[in-house]
Amino acid sequence: MKRRYIAWLIALALLLSACSTLPRSGDVHAVKPSAPADREIVLNAQPPSEDATAEEIVQGFLLASAAGLDDDFAVARQFLSPAAASEWNPSAEVRVYPDSQNIQRTRTETGAVRVTVGAVGTLSDAGVFTESPSDAVVSSDFSLARNADGQWRIVSLSDGIFLSEHLFGQMYTAAPLYFLSADSSSLVADLHWYPRRVFPTKAVQALLSGPSEWLEPGVSSAFPAGTMLNNAVTVSDGVAHVDLTSEALLAEETQRAYFMAQLRRTLTSFSSIKEVSVTVEGTQLTIDTAADLPVYPFGSFSLSVISDGVPSQVADNTATPVISSPDIVDLGLTDLAVGYQDTASRYAALANGRTGLFWLDAGSGKWSVVTQGTQLIRPSFDSFGWVTTGEVDNNGQLSSYAPQNEDAVTMSVPWRQGAHIRDIAVSREGSRIVVVTEVGGNAEMYVAPIARSADGRPLEIGDPIRIGQRLSGVVDVSWITPTSVVALGTSTAGSDVGLFEVVIGGPMDTVGSPPAQAKSLTSGRDEQSTVVLTGLDVALGISGRA
């Protein structure tokens, strides 16, 4: 999947902001990627043939189980003994393998047929996808015996099925479930995957059950406790019909508006659903005011850079300083971060060889030292106005600062104590943080929730999950969609530097090769857009998919 490259040359030494946006004028054009069609493919499974060998029975079972979503695995169970057929749970796990590989079959010492193939990832019965490292291999043993008719049948096997990447992408759909940020001002995506034909019902059931365990400390849900579906979600003429149990009526008017926003955003992520109708015990649920909550907050300002030592904004291929002070030039600013307020007047940056975090206010022209350290991590803003950093050689702590009122919070991250932190990136709505560390010369990426008070004050960083396991080197990361970050680095399968979309809860995608001498990146104005800075002082916009 390639991206469209749009470049503009700025004849100044530029340092990209960690929270910037693309210019709204000039030669850069955002290209929104086309949504995948909600099409289904139908596979016709064949039953066991007469006098098939043990290997042929296993091969036939693999094919029939891959087609099992269309017939509730009825044909696949014909390859099993009656006892195995009653015990086998096909939905327990989907093992996704690369399209470039074929499943290999060998015999074990006990005579079982063992199937082995490389792993892309696994999908749990809860719809949670976990990506596998590049060198991961998955295998499963099938024990067989002859039945009363002398035909081989599988008598022992692991739960779950095998699917190629292509079939997985055709038969399952990505289902972001949306929950509320700490102050209920934004929606936060929790990515799941479900079979296309049962997506609406599965997605709503999961939404009512609450977020993934790792994300729970950073989000909330407006649905009253105990709210459930009365029956399956139906879709007709683009409208999804949802009937909830009576617990939904316990919600106040504002709370109803919030859970309706959660429902609508979750279900309309499926392109065939345009609207959602909600009833409670069969009676239409109405709300006076709809809650239109963003899922990926943007600032309304242009790309921000450091040019000639001072923060500047770029428009029409020209960098214009937003703060005029000769004293600032002497600080040697690097690693610019920009707040999300409409006028882009608040900045944070490292200075003095990355030993100090500085606060700069373009509106007043004032600047001040926020904190001092030994070697600080590139700062990252969130939409609440807090900026987060910490020591590169980390003692198990990250700190967030609200420079406008000199407030500060230190949060424990014991899972990174003693690590070398290469980069951090707080999600735009402030509910999650990606942390890139260096272990044994290789990069490791984690995402963790940020618990906050109702006014957005950070309280603690929760336990993480591992992401980006197919990357060995990461130079820079930035949030690019509600469920993914873009990384500049190298994969474990190659040595060339590339751009990779690391999906939180999905397979990693290769964006393409960055320009020569790429050294940093930041997210652009729209989803799926990125700005890369090269050593040649060229800022290259990458927007949409070609």
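The values are calculated or read from the model by the stated rules, or taken from the named source; none is laboratory data. Keep in mind that this is a model prediction, so the values were computed, not measured. Ideal geometry is used to build each Cβ from the backbone, glycine not excepted, and the neighbour counts take in all protein chains shown. For accessibility, only protein heavy atoms count, side chains too; no ligands or nucleic acids. Shrake-Rupley method; radii C 1.70, N 1.55, O 1.52, S 1.80 Å.
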Problem - Amide proton proximity set for V276, modelled H, under 5 Å, gap of 5+ - result: A240
Practice task
Would you mind getting the accessible area per residue of the chain, heavy atoms of the protein chains only, 1.4 Å probe, in Å²?
Solution key: 41 Å²
Handout entry: Cα-derived Rg to Rh of the range 42-128, Kirkwood definition
Key = 0.96
Problem - Given charges at Cβ of Lys, Arg, Asp, Glu: the chain dipole, positive-most of V188, P449, A349 - result: A349
Handout entry: Accessible surface of the chain [probe 1.4 Å, protein heavy atoms]: carbon and sulfur percent
Key = 47 percent
Exercise for the section: Treat every Asp and Glu Cβ in the range 103-190 as -1 and every Lys and Arg Cβ as +1, leave all other atoms uncharged, and give the resulting dipole magnitude about the Cα centre to the nearest 20 debye. Expected result: 540 debye
Exercise for the section: In debye, nearest 20, what is the charge dipole magnitude of the chain about its Cα centre with +1 on Lys and Arg Cβ and -1 on Asp and Glu Cβ, if you could check? Expected result: 780 debye
Problem - Spin-label model distance (nm) - S364 vs A83, 7 Å beyond Cα toward Cβ - result: 7.8 nm
Practice task
For K274, go through the aspartates and glutamates and keep the ones whose alpha-carbon is under 14 Å away, minus same-chain ones fewer than eight residues off.
Solution key: D38, D237
Practice task
With runs of 4+ DSSP H residues as the only contributors, calculate the mean residue ellipticity of the chain at 222 nm using -39,500 (n - 2.57) per run, divided by the residue total and rounded to the nearest 500.
Solution key: -3000 deg cm²/dmol
Exercise for the section: Taking the Cα centre of the range 210-281 as origin, sum charge times position over the Cβ atoms of Lys and Arg (+1) and Asp and Glu (-1), and report the length of that vector in debye to the nearest 20. Expected result: 240 debye
Fill in the blank from the handout: Along the dipole axis of the chain (charges at Cβ: +1 for Lys and Arg, -1 for Asp and Glu; origin at the Cα centre), the most positive-end residue among I323, F199, A222 is I323
Problem - Three semi-axes of the equivalent ellipsoid, the chain, Cα gyration tensor, whole Å, largest first - result: 46, 28, 21
